[in-house]
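Encoded as structure tokens, the structure appears first; notes follow it.
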Amino acid sequence: MQLSTTAAIITGGASGLGEATARHFAENGAQVTIFDRGSERGQQVAAEIGGHFVQTDVTNEASVTAAMAQAMDKMGRITATVNCAGIAIGAKTVGKDGPHPLDAFQRTIDINLVGTFNVSRLAAAEMARNDPEPDGARGVIINTASIAAFDGQKGQAAYAASKGGVVGMTLPMARDLASSGIRVMAIAPGIFMTPMLAGLPEEVQQQLAADVPNPARLGDPREYGRLAGFIVEMGYLNGEVIRIDGALRMR
């Protein structure tokens, strides 16, 4: 597969890692459809990259089914899906205000894990209809995990559980979809300069960056986008989780 001939869906493509990925793919000739809840920003990014935008709730089956239909109408096919939509919350299992709110835990799992699977399964159904490339390839799915799946910190029970689920389903999904010529990969980012981190005080950002062994800085979302592009084009990568974190191991 080549980016120049890719027709990609990117969830969470209105900001952060998803936006950087959408821009990188479009710059390299791919057709891009952004799925996001933020309509104004999503439409803006899509217009800037010459792509398409569909307001989508990744946790809702009807919403994603309708969005897939629109993506197919705009692009004619789907050969790549990058799932970047997600949320992060901070709450201890038992904190000063009592037990972890159950609705917050459920919402994190619903968006980060269930939403990722919802989009992946529906995208895979469309990819399976593609004519195969000479090596049998019909598509690739890239899901976003996190180093929190392996090194979860205090207050990250919900987030780490959701990302651990993404890691855990990578290999079985790849095996499920192998006969259809669809690869499944996951990327586990470290600490990246996303809108959430950009809102932190400068001294906090510097402290976080200093914890990264090499290079001692926060990740650039464009690096995530470039890695996603590499995965699309490197057809022998399948069923694996790639950490992109500057060798950071959080304790």
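The values are calculated or read from the model by the stated rules, or taken from the named source; none is laboratory data. Source: prediction; values computed, not measured. Reconstructed Cβ throughout: ideal geometry from the backbone, glycine too, with neighbour counts over all protein chains shown.
Quick grid of which residues meet (1) over 16 Å from the mean Cα position of the chain (by Cα); (2) surrounded by fewer than 20 Cβ atoms within 10 Å (Cβ to Cβ); (3) assigned to a loop (DSSP other than H, G, I, E, B); (4) hydroxyl-bearing (Ser, Thr, Tyr):
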| site | (1), (2), (3), (4) |
| --- | --- |
| Met169 | no, yes, no, no |
| Asp176 | yes, yes, no, no |
| Met196 | no, yes, no, no |
| Val204 | yes, yes, no, no |
| Ala209 | yes, yes, no, no |
| Arg217 | yes, yes, yes, no |
| Gly229 | no, no, no, no |
| Gly239 | no, yes, yes, no |
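Restricting attention to the stretch 116-128, the residues being within 15 Å of the chain's Cα centre (by Cα) and either surrounded by fewer than 20 Cβ atoms within 10 Å (Cβ to Cβ) or under 19 Å from Phe230 (Cβ atoms) (or both) number 2. Under the condition of being among the β-branched types (Val, Ile, Thr) and within 23 Å of the chain's Cα centre (by Cα), which residue from the stretch 71-105 is nearest to Glu19 (Cα to Cα)? Per the criteria, the residue is Val82. Note on the stretch 148-195: residues that are over 27 Å from Asp103 (Cβ atoms), at pLDDT 95 or above and of a type in the set (A, V, I, L, M, F, W, C) total 9. Asn60: surrounded by 15 or more Cβ atoms within 10 Å (Cβ to Cβ) and either closer than 28 Å to Ala198 by Cα or modelled with pLDDT of 95 or more (or both), yes or no? It is false that Asn60 is surrounded by 15 or more Cβ atoms within 10 Å (Cβ to Cβ) and either closer than 28 Å to Ala198 by Cα or modelled with pLDDT of 95 or more (or both).
Taking the conditions exactly as written (of a type outside the set (A, V, I, L, M), within 18 Å of Gly12 (Cα to Cα) and touching a strand residue (DSSP E or B) at 6+ places or on another chain (Cβ under 8 Å)), does Gly235 satisfy them or not? When the stated conditions are applied, Gly235 does not pass them. Restricting Asp135, Asp131, Asp103, Asp97 to residues that are exposed (fewer than 13 other Cβ atoms within 10 Å of the Cβ) and touching a residue at least 60 places away in the same chain (Cβ under 8 Å) narrows the list to Asp135.
When the stretch 68-94 is limited to residues that are in contact (Cβ under 8 Å) with a residue 12 or more places away in the chain and in a helix (DSSP H, G or I), the one that is nearest to Thr5 (Cα to Cα) turns out to be Met75.
Residues that are within 15 Å of the chain's Cα centre (by Cα) and touching a residue at least 24 places away in the same chain (Cβ under 8 Å) within the stretch 149-167 comprise Ala149, Tyr159, Ser162, Lys163, Gly165, Val166, Val167, listed in sequence order.
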